[in-house]
1. Taking 1 over the mean of 1/r across every pair of different Cα atoms in region A:1-44, what Kirkwood radius in Å do you get?
2. Using the beta-carbon distance between A:Ile45 and B:Met233 and R0 = 41 Å, what value does 1/(1 + (r/R0)^6) give for FRET efficiency, to the nearest 0.05?
3. In region A:34-140, what trypsin sites (Lys or Arg not before Pro) fall in a loop by DSSP, with at most 15 other Cβ atoms inside 10 Å?
4. If you place +1 on the Cβ of every Lys and Arg, -1 on the Cβ of every Asp and Glu, and leave all else neutral, what size is the dipole of region A:13-137 about its Cα centre, to the nearest 20 Debye?
5. So which chymotrypsin sites (Phe, Trp or Tyr not before Pro) in region B:12-93 pass both tests, a DSSP loop state and at most 12 other Cβ atoms within 10 Å of the Cβ?
6. What is the percent of Cα-Cα separations in region A:1-87 that go past 15 Å?
7. Please sort B:125-133, B:202-210 by packing, taking for each peptide the average over its residues of neighbouring beta carbons within 10 angstrom, highest first.
8. Please compute, for peptide B:234-242, the average count of beta-carbon atoms on other protein chains lying within 10 Å of each residue's beta-carbon.
Amino acid sequence: MARKFAKYVMIAPALALAVLFFFVPAALLFMVSVTEKGSFFYTPILTTINYVESVTIYGFDFRNTLTMAAGAAFLDVLFAYPFAYLMTRKIRRFADVFRSILLFPLFGELYIAFGLWYLFLPGGPMAFILRGMGLSAFEALYSVPSAVAALAIFTFPFAVLQIGVALSQVDPVVEEAAMSLGAGPIETLFRIVIPLSGSGILSGWLMSFGWNIGAFAIPILMGGAIVGQRVLSVQIRSIALLMMDYGLAAALAVTLVVIAVATSYVSIRASKGALM
Amino acid sequence: MRYEARERLFTAAAYLYVVACCIVMLLPFGVTFLRSIAFTEGFPFVSIESYTNIVGHFWPRVGISVNIGIATVIVDVLVAVPAAFALTRYTWKARRVIYLILTAVWYIPGISYALALILAYYLIFIYRPLLGFWGYVAAYSCGFFPIMLMSCIVAFRQLDPSYEEAANCLGAGRLRTFLSVTLPLIGPGVTAGILLTFVLSFNEFVTALLLSGPTRILTAPVKVFDDIQHAGMHGFIAAEASVLQIVSFAACLIYLRVVGTRYLRGTILI
């Protein structure tokens with residue numbers, strides 16, 4: 001009898017942790033999202049206006065969030081694919097050094113945004129290059145391309161990981177066979193390697209997309225106040241904490257969750273076993 | 001000979017590309033660090049003045065962040081090791097569902113999770129005592145629990161159950177087997193989860209930003225953000241950001257020296 005209960009006793013704390021600090025708050029978030037403004041705190045007034053508004057008024061911010069995240073994820077895949085290929089096939093010496101350098105973006109987007117600040121602002125190392133190009137420092141820093149580049153730096157390791165896992169499952173023997181049958185390196189790449197690691201490309205893109213749509217520090221520090229590049233995470237915080245419109249903020253947060261969950265679902269389906 | 005030369009050229013190009021990517025990855029930290037040691041006025045171009053300036057007001061914040069990180073790691077280890085043991089060593093009808101319930105939080109954007117948590121802390125009266133140090137610990141131990149669980153599950157899968165069976169045959173009880181056979185053997189695998197949980201909760205920013213209002217506790221990353229918003233570009237902020245990254249990287253380096261990359265492969269390293 002005791003043995004039968006043992007497994008439930010062992011898993012109970014974990015389930016309690018997940019329910020208490022994730023499922024209960026998530027249910028609450030949903031409940032708040034269908035009430036009007038801050039009314040949940042007093043007498044809840046049910047409404048769906050928040051969801052309507054989050055599409056009509058904040059549709060623009062949605063589009064910003066999604067295009068910036070998608071662009072950064074595209075950049076990631078573009079640069080991470082050769083990187084992961086070389087790391088799994090060519091690089092032997094210093095491989096561990098390169099691996100540990102990839103840990104830096106994991107520490108957080110805040111430091112990336114901050115470092116790029118110093119890089120671009122007047123007096124920084126890039127200032128004279130920018131001046132040479134005829135750009136003002138603020139225009140260069142607070143612009144969509146630099147925010148996208150920062151996001152791309154932030155999620156590069158995730159794309160590398162997903163693509164690397166897929167590539168390490170492709171046997172190098174297959175490539176050698178293609179080469180010995182007369183295919184050149186380019187033909188081998190496009191007809192053998194890329195098709196076989198396609199799942200990694202997809203999951204790498206989705207992975208960095210999923211992280212990018214939740215990014216907060218980079219968008220807010222690199223032009224968060226500019227209308228053309230406001231993103232949802234920044235809006236959610238200011239709507240909740242500055243405008244006190246908890247209903248609307250919760251509705252936006254729920255919508256963001258739905259997008260992220262859909263992305264992760266496809267990503268897990270595509271990745272075939274990479275853990276994250 | 002021609003083939004060899006081409007091969008060597010290709011290898012050189014490969015290293016060039018990888019090093020270029022790594023430089024871009026290191027660029028934000030490098031620039032921050034250089035700014036933190038730069039001395040703008042006059043001859044000694046390098047100074048540690050920025051670092052001595054932040055001792056008084058910033059180190060307590062780092063202390064808080066380290067404490068939160070350690071408390072999170074302890075909670076997560078205590079909860080995740082038994083859970084992973086139960087998931088890998090017993091048969092479950094609904095294993096996938098349980099696994100999904102336990103790891104669901106990992107797929108939620110930080111801002112949504114943070115908003116949900118502060119709403120819960122405000123609105124549900126039994127959560128009220130959590131508006132403080134333990135609120136952070138609770139948020140992070142739940143938020144980063146999936147990564148600890150994944151590491152533990154990988155560790156248990158790599159451990160052959162026959163060791164445990166042998167210990168059982170030789171007369172050790174279940175608890176004794178677990179404590180003196182299983183635990184020492186999965187230890188190294190669990191360390192990967194410990195490292196990641198510590199580094200992630202040490203640097204966590206969005207949840208901490210939303211919680212910093214009601215709890216009046218500023219963790220180190222939030223302090224950096226606060227200073228950026230109030231003071232902008234100053235050497236001392238660069239020093240703060242550098243300190244946090246150096247502490248995180250030192251934790252990773254010590255780990256890599258002691259344990260190696262083996263257990264981090266596939267979770268965050270290729």
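Coordinate-derived values only; no laboratory data. Worth saying up front: this structure is predicted, and the values here are computed from it rather than measured. In this analysis, Cβ positions are derived from the backbone assuming ideal geometry, glycine residues included, and neighbour counts consider all displayed protein chains.
1. Values: mean 1/r = 0.0785 Å⁻¹.
Evaluated over region A:1-44, this radius sits at 12.7 Å.
2. Numbers: r = 46 Å, r/R0 = 1.12.
Here the calculated transfer efficiency is 0.35.
3. On the way: sites: A:Lys37, A:Arg63, A:Arg89, A:Lys90, A:Arg92, A:Arg93, A:Arg99, A:Arg131; in loops: A:Lys37, A:Lys90, A:Arg92, A:Arg93.
Answer in residue order: A:Lys90, A:Arg92, A:Arg93.
4. Details: 8 positive and 6 negative charges, 145 e Å.
Dipole about the Cα centre, nearest 20: 700 debye.
5. Sites meeting the loop and neighbour criteria: B:Phe45.
6. On the way: 2886 of 3741 pairs.
In whole percent, the long-distance tail amounts to 77.
7. So the order, starting with the most tightly packed, is B:202-210, B:125-133.
8. Numbers: counts 0, 0, 0, 3, 4, 0, 1, 9, 3.
Averaged over the peptide's residues, the number is 2.
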